[in-house]
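In what follows, a single structure is set out as structure tokens and then discussed.
Only the coordinates and a few stated rules stand behind these numbers; no lab work does. Bear in mind the structure is a predicted one, so any value in this text is a computation, not a measurement. Neighbour counts run over all protein chains shown; Cβ positions are idealised from the backbone, glycine included.
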Amino acid sequence: MVEKFIVTPWEVRGRVNYNRLIKQFGLVPITDELLEKIKKFTHDLHYFFRRKIVFAHRDIDWILSEYEKKNQFYLYTGRGPSGYTHLGHLIPWIITKWLQDKFNAKLYFQITDDEKFLFKESISLEKIKEFAYDNILDIIALGFDPKKTRIFLNTEYAKTLYPEAIKVARHITISTAKAVFGFKNDSNIGKIFFTSMQAVPAFLESKKMGRNVPCLIPLAADQDPHFRIARDVLPKLGYYKPAILHTKFLPGLGPEGKMSTSEPETCIFTIEDPNLAAKKVMNAFTGGGATEKEQREKGGNPDICSVYQYYLFLFEQDDEKLNQIAQECKNGKRICGECKQILAERVKKFLIEHQEKRSAAKDVLEDFMLRD
Ligand code: TRP
């Protein structure tokens with residue numbers, strides 16, 4: 001049976017088969033050979049690369065060869081502020097921060113309040129802006145360099161963005177937007193235009209500098225369709241195609257799918273009470289047996305276990321120790337209760353520290369903001 005999953009910029013559902021997604025989207029898989037090339041510049045590899053959490057790309061080899069020729073790139077990523085930040089949102093941001101440090105790269109961070117207003121028709125623009133400024137605290141808390149990082153809301157930075165967005169829009173037809181995003185005749189007309197706004201930061205640095213600057217976009221794979229369009233259009237405006245790095249989705253604590261705000265019990269928010277988050281971990285879906293006896297005899301299955309995924313993505317960065325967790329799970333030595341307990345403690349510690357950094361971020365927020 002072929003398992004069903006859906007990945008679009010507005011919906012991720014089911015257990016994603018990344019090999020099939022690579023084919024569907026026409027991505028290039030990250031190979032060990034490519035990792036060696038990256039390592040030549042960075043000297044070590046972030047565990048997201050080692051574990052193929054960054055699993056695919058477009059034109060990263062080109063970015064590296066330009067970098068080697070001293071043609072420095074800049075980074076671009078973003079956030080759609082439809083709610084509070086959860087742990088899943090951090091994945092592309094963490095690798096962006098690592099790349100910023102390793103390559104000493106400038107970063108544009110786009111907050112698409114316009115997008116969420118158009119696509120979540122039940123939330124007001126005021127509420128979305130509130131989420132936007134709350135989400136920005138999480139971004140700053142990750143430690144981006146204030147001298148090299150610029151964050152903006154689309155509706156607030158519109159005077160700069162809009163004249164560029166219309167240049168993109170003139171090259172996109174309604175049928176392309178419909179084919180790529182699945183819009184119907186009863187979709188509101190703002191949706192059709194929106195992808196032009198998301199394209200702009202992919203050439204904004206070139207526009208500002210008056211010369212072409214390569215752009216690298218780390219993103220969660222669901223955002224790729226926007227940049228398939230942007231990569232078609234930008235050369236027509238005289239710019240480079242942006243390069244892309246694709247990250248996998250952190251699964252929810254339930255049996256399947258990514259972490260999603262619409263299922264709060266399977267989802268850990270960064271602003272959450274650390275004790276409540278620990279409880280959610282204790283209630284998580286695991287790959288363990290029905291009883292302790294059964295699990296001691298037959299072992300557990302880390303491949304389907306949401307708890308194991310949390311170690312893999314965020315909470316066990318030492319490869320050897322991660323491997324040990326998997327082995328001890330499979331041979332019945334490690335049982336779910338204790339495994340969840342250890343994870344719960346780590347999640348709690350992470351949240352306490354992150355929340356302190358969020359508080360500190362309030363004082364420096366304006367240093368990061370880009371305003372017209
Ligand atoms: N549309 C994205 C979201 O809903 C936000 C975003 C804007 C983005 N520009 C980006 C994400 C560039 C990745 C890269 O979350």
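Couple of notes before you dig in:
- Kyte-Doolittle mean at least -1.0 and Cα axial length at least 20 Å: DSSP H helices in the chain: 87-103, 125-141, 336-368
- For GluC sites (Glu not before Pro), no site in region 216-274 is both called loop by DSSP and has at most 11 other Cβ atoms within 10 Å.
- Dimensionless Rg over Rh [region 8-109; C-alpha; Kirkwood]: 0.97
- When each of the peptides 282-289, 71-78 is scored by how many other beta carbons lie within 10 Å of its residues on average, the order from highest to lowest is 71-78, 282-289.
- Nearest-0.05 FRET efficiency for Val28 and Arg346, computed from C-beta distance (R0 41 Å): 0.75
- Cα convex hull of region 264-360 - mean projected area over all directions, nm²: 6.2 nm²
- Approximating the spin labels as points 7 Å out from Cα along Cα→Cβ, the Glu366-to-Lys191 distance works out to 3.9 nm.
- Lys333 paired with Leu276, simple spin-label distance in nm, labels 7 Å along Cα-to-beta-carbon: 3.8 nm
- A helix-only calculation puts the chain at -15000 deg cm²/dmol for mean residue ellipticity at 222 nm, using -39500 (n - 2.57) for each DSSP H run of at least four residues, averaged over all residues.
- Computed from the Cβ-Cβ distance with R0 of 22 Å, the FRET efficiency linking Asp303 to Arg13 stands at 0.65.
- For the chain, the relative contact order works out to 20 percent when only alpha carbon pairs closer than 8 Å and six or more residues apart are counted.
- Entries in Lys127/Lys248; Lys167/Lys191; Lys39/Lys241; Lys129/Lys159; Lys97/Lys362; Lys159/Lys236 that, when Cα-Cα distance is taken, lie over 26 Å: Lys127/Lys248
- Note: relative contact order over region 264-360, using C-alpha pairs below 8 Å and six or more positions apart, is 36 percent.
- Region 172-246-region 92-162 distance, computed between alpha-carbon centres (Å): 16 Å
- Between Asp44 and Asn71, the contour length at 0.36 nm per residue exceeds the Cα-Cα span by 7.6 nm.
- Computed lengthening from Asn283 to Lys321, 0.36 nm per intervening residue step minus Cα-Cα distance: 11.3 nm
- Pair-distance profile P(r), taking every C-alpha pair of the chain, with 10 angstrom steps and integer %: 5, 23, 33, 26, 11, 3, 0
- Antiparallel content of DSSP bridges confined to the chain, in %, to 5: 40 percent
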